[in-house]
Each structure stands twice: as structure tokens, then as C-alpha cells.
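**Student:** Here it is, the structure in full.
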Amino acid sequence: MNALFNGVDKNIFRLISNCTIAKNAWDILTTTHEGTSKVKMSKLQLITTKFENLKMGDDESILDFHMNIIELENTSGALGERMSEEKLVRKILRSLSKRFNMKVIVIEEARDIKNMKVEELIGSLQTYEMETCDHIEERRKGIALQSNTYINQTKDNLETDEEVLEALALIGRQFNNILKKINRRRGLMSETFHLKSIMDLHEKRELIIE
């Protein structure tokens, strides 16, 4: 019994400390180990499923995705099943978001995946990620500049249109004033012609009477 007591940790010792027969203690240890093994296998299966289903999100960074990979790798290692570098590298390459498709093709064609280290791959992907982000940012700035230019031009055009409308309105008012003056002059000429006609008629009558 002393040999069993000395060969287990404190938690297991609590399970067999009241045993007086070695066989009873051994049976308890066997049952506990089998139960622990089943729990361990269940956890490993769960970790394996999570690892296989893990995909990089469209808005997720390489760093965040790498941290998720490391977490599953450490959990698996703690349960007694370590993941090889090649397995991790291949998992990362096939689980990246679509924006890394071109980079993945280049890596697979130019590099030896079997001998590639995870840290080396992550460094290369982070460099590509930064370059891509810079390019996207430049494009956004260019689009924003074009939009601002268009808006300013539109404002200028609106101001020009308003000035044209004001000028047309002024011309319209001036034209109306001219028409009024012409009409007044026509009225005066009509009245003068009418008065002259009356005077001529009066003169004719006087000649007839004489």
C-alpha cells in the first residue's frame, strides 16, 4: 500500500487513502484512469473539431487568427497531443480569408511547405497584410479626394447657375421696362395723331363754310 500511496499525487491519494487492501486501491485507480482517459479523449475530439472548423474572418487580422490557432495548439498539447509545424502551416494556409488568395498561391508555389515554420509564415502574411492595407487606404483617399472635387465642382456649378438666373431675371426686368416705355410712346403718338386729325377736319369744315 505504501508503494501505491507514494506513487500518486495528492488528489488521487484522497481517493485511495481509506483503502486497506491493495486490490481495492488498484481498482479505484484503474476506474479513475479510464474515466480520466475518456474525458481526455472527448476534449481532444472537441479541440480537433474546433481546429478543423476554424476559419479566418473577413475582417480578422493575421495576428488575431494566429492567436486562435495558438490557443487550440496549446490546449491540444496540454492534453498530450502536439501538433506538428507542417500541420499548423497547412491549416493556416487553407483557412485564410479570400483577400490572401494570391499570397497563398505564391507561397505554395515558391516555398517548401513541409519545412516552413509557423512564425515564418505568419511574418510573411503580416507583411502582405500591411502592404494590402496601405494600398486600400491610398485608394480610399483617392476616392475621397475625387468625391470632394466633384462636390466642390457641383457647388461651383450651382453658384454659376444662380448667377446666370439672376442675370436673366435682370435682363427680363430691363426688357419689361423698355416695353413699357415703347407702349407709352405709342400711346402718346396715337393721341397726337388723333388730335391732328380733328384739327384737319375742323379746318376743312371752315373752308367749306366760306
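Any read-out appearing in this document is the output of simple, stated calculations on the displayed coordinates, not a laboratory observation. In this text the structure is predicted, and so the values were computed from the model without any measurement. When we count neighbours, we look across all protein chains shown, and the Cβ atoms used for this are built from the backbone with ideal geometry, even at glycine.
**Student:** Summing +1 for each Lys or Arg and -1 for each Asp or Glu, what net charge is found among the other residues whose Cβ lies under 11 Å from the Cβ of D58?
**Tutor:** +1
**Student:** Could you compute the net charge surrounding R99? Neighbours are other residues with a C-beta less than 11 Å from the C-beta of R99; K and R count +1, D and E count -1.
**Tutor:** Residues near R99 contribute -2 overall.
**Student:** Between E108 and E166, what length in nm is gained on full extension when 0.36 nm per residue of separation is reduced by their alpha carbon distance?
**Tutor:** Taking E108 through E166 to full extension adds about 14.1 nm, to one decimal.
**Student:** Same structure, new question: So which of K91/K114; K43/K114; K50/K91 end up more than 22 Å apart, counting from Cα to Cα?
**Tutor:** From the list (K91/K114; K43/K114; K50/K91), the Cα-Cα distance tops 22 Å for K43/K114.
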